[in-house]
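Student: Dropping the structure in here first, questions after.
The values are calculated or read from the model by the stated rules, or taken from the named source; none is laboratory data. Because the structure is a prediction, the values reported are computed rather than measured. All Cβ positions, even for glycine, are placed from backbone atoms using ideal geometry, and neighbour counts span all protein chains on display.
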Amino acid sequence: MIDRDASWVASAAGGQLVAGAAGGLGPRRAVVDSREVEPGDLFVGLVGASADGGEFAAGALEAGAWGALVGPHRAEELAGHASGAVIAADNTLLALQRLARAWRRVLDARVIGITGSTGKTSTKDITRALLATQGLNVHANRQNWNTEIGLPLSILAAESGVEVLVLEMAMRGEGQIAELVEIAEPDVGVIVNVGPVHLELLGTVERVAAAKAELIRDLHPQAACVIPASEPLLDPHRRHDIRTITFGEGGDVQLADFSPPLAEIDAYGDRISLELSFSEPHNVRNTLAAVAAATALGIEPQGRIEPEFSSYRGEVVELEGGVTVVNDCYNANPMSMRAALDHLAGSPAERRLAILGTMAELGPDSSRFHREIGEHAAALGIDVLVTVGEEALAFGEGFDGESHAVATPEEAGALLEELARPGDRVLVKGSRAVGLERVLA
């Protein structure tokens with residue numbers, strides 16, 4: 001709950017309280033979808049290119065919302081008829097972001113901001129579990145609430161008494177990480193990696209690195225940044241006035257030994273022992289980033305780490321007939337696709353099948369990236385490849401084993417029923433827009 005009254009909420013948002021009592025308790029959280037409104041919520045009517053969410057404010061208030069943050073015209077309509085607080089703001093998105101920044105300052109929690117081309121959600125989940133294991137009160141984004149809308153909603157869902165905010169930060173283009181840093185004001189900035197994503201908008205991996213490095217550029221002088229030890233693309237963006245911690249082979253925090261479930265980590269020459277509930281190589285590496293972030297806050301983690309990973313990220317599903325499916329269909333790019341295939345190839349199974357959908361936003365070299373992933377799957381000895389969608393056909397061009405091409409996730413699901421045998425292990429992976437979760441529907 002935001003334990004501040006309506007006057008504070010309006011002022012923090014840069015808006016005007018036009019209806020409702022100035023005193024009393026504040027809202028328990030903010031929501032932007034009127035269908036999700038519950039008693040005590042602040043409904044924020046965002047204005048888009050073709051729609052004004054403020055038109056649903058009256059219904060939200062009738063459903064028990066604490067109040068509504070809307071444009072001046074909508075606020076005028078609601079004034080005198082509203083059952084809760086009505087706050088007017090010229091730009092409701094900016095007002096939401098201002099309110100979140102103000103609440104972050106009231107909480108006075110330490111903030112870890114995490115971005116990267118791949119693995120940032122899993123790193124966020126691991127970091128949250130790592131810090132919670134040490135007895136800290138930790139709050140993190142729910143699922144993928146990591147955008148200019150989702151991040152402020154995540155902050156506003158934090159309760160008084162939270163000690164650490166772990167906030168994932170997403171980007172699609174230049175300036176977006178900077179926008180999120182301005183809201184969250186991180187004490188530690190983590191860049192998990194840099195790779196060929198969003199090339200449709202940014203064009204080159206160097207520009208991707210620069211966009212991610214807005215996190216480093218905009219950290220306050222007392223902050224710390226965590227970056228991979230072997231990422232030369234970030235070298236031009238390092239700052240000498242903040243502490244930089246590197247992770248991975250040759251870094252300040254690196255893996256000394258991993259004999260599942262025990263991970264021995266060398267941190268600045270000291271040994272940290274963790275028991276991990278996962279063994280995927282990419283998540284073990286993400287753990288190094290999480291440990292580095294923890295040490296930046298002066299915390300040396302120990303014990304068992306058992307994160308609750310967000311949906312569709314390496315979720316293991318056991319099907320009838322002894323078939324294991326790894327449901328990793330939330331997103332895909334060349335880096336994460338290679339990592340997932342590597343893990344599939346190293347997992348015990350009678351046969352290994354890969355159901356792969358399009359990797360989106362790769363620009364003019366998209367076909368080449370897809371073909372190279374097919375070649376990688378072939379080199380790993382993947383037994384069967386199923387491609388989903390027209391752009392995904394290029395996977396098959398690089399794969400010299402048994403392959404099948406289908407148009408939709410539903411067709412892939414039907415084909416899987418025909419192909420799967422007891423003891424098989426199946427990877428399902430593609431960009432979110434493909435909807436590969438429907439393979440198992």
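Student: List the residue pairs whose Cβ atoms are under 7 Å apart, where the first residue sits in the range 239-259 and is closer than 24 Å to P281 by Cα, the second is polar (S, T, N, Q) and surrounded by fewer than 18 Cβ atoms within 10 Å (Cβ to Cβ), and the two are 6 or more positions apart or on different chains.
Tutor: Hits for this filter: G248/S230; E249/S230; G250/S230.
Student: Identify, from the list D235, D252, the residue that is surrounded by fewer than 14 Cβ atoms within 10 Å (Cβ to Cβ) and modelled with pLDDT of 95 or more.
Tutor: None of the other options fit; the residue is D235.
Student: I've got another one for you. Taking the options E300, E315, E320, name whichever one is in contact (Cβ under 8 Å) with a residue 24 or more places away in the chain and at negative phi.
Tutor: It is E300.
Student: Considering only residues of the range 390-441 that are of a type in the set (G, A, S) and assigned to a strand (DSSP E or B), which is farthest from the chain's Cα centre (by Cα)?
Tutor: As a first pass, look at the range 390-441 and keep what is of a type in the set (G, A, S): 392, 394, 396, 398, 401, 403, 405, 407, 412-414, 420, 423, 430-431, 433, 435, 441.
Now drop any that are not assigned to a strand (DSSP E or B), which leaves 403, 405.
Working: S403: 32, A405: 30 Å.
It comes out as S403.
Student: Give the residues of the range 113-158 that are aliphatic (A, V, I, L, M), part of a helix (DSSP H, G or I) and either within 11 Å of F309 (Cα to Cα) or in contact (Cβ under 8 Å) with a residue 24 or more places away in the chain (or both), sorted by residue number.
Tutor: I126, A129, L130, L131, L151, L153, I155, L156, listed by residue number.
Student: Count, please, the residues in the range 214-229 that happen to be assigned to a loop (DSSP other than H, G, I, E, B) and touching a Gly at 6+ places or on another chain (Cβ under 6 Å).
Tutor: Looking only at that region, the number is 2.
Student: Ok, one more. Filter the range 176-213 down to residues that are crowded, with 19+ Cβ neighbours inside 10 Å, touching a helix residue (DSSP H, G or I) at 6+ places or on another chain (Cβ under 7 Å) and part of a loop (DSSP other than H, G, I, E, B), then give me how many there are.
Tutor: 8
Student: What number of residues within the range 409-432 are surrounded by 14 or more Cβ atoms within 10 Å (Cβ to Cβ) and either closer than 17 Å to A345 by Cα or of a type in the set (A, V, I, L, M) (or both)?
Tutor: Of the residues in that region, 11 qualify.
Student: Cβ-Cβ below 6 Å, separation at least six or inter-chain, first residue in the range 343-358 and touching a residue at least 60 places away in the same chain (Cβ under 8 Å) and within 18 Å of N283 (Cβ to Cβ), second buried (at least 19 other Cβ atoms within 10 Å of the Cβ) and hydrophobic (A, V, I, L, M, F, W, C): which pairs?
Tutor: Pairs that qualify, where the first residue is touching a residue at least 60 places away in the same chain (Cβ under 8 Å) and within 18 Å of N283 (Cβ to Cβ) and the partner is buried (at least 19 other Cβ atoms within 10 Å of the Cβ) and hydrophobic (A, V, I, L, M, F, W, C), are L344/L427.
Student: Identify the residue in the range 292-303 that is surrounded by 18 or more Cβ atoms within 10 Å (Cβ to Cβ) and touching a Ser or Thr at 6+ places or on another chain (Cβ under 9 Å) and, among all such residues, is farthest from D187 (Cα to Cα).
Tutor: So, considering only residues that are surrounded by 18 or more Cβ atoms within 10 Å (Cβ to Cβ) and touching a Ser or Thr at 6+ places or on another chain (Cβ under 9 Å), the one farthest from D187 (Cα to Cα) is P301.
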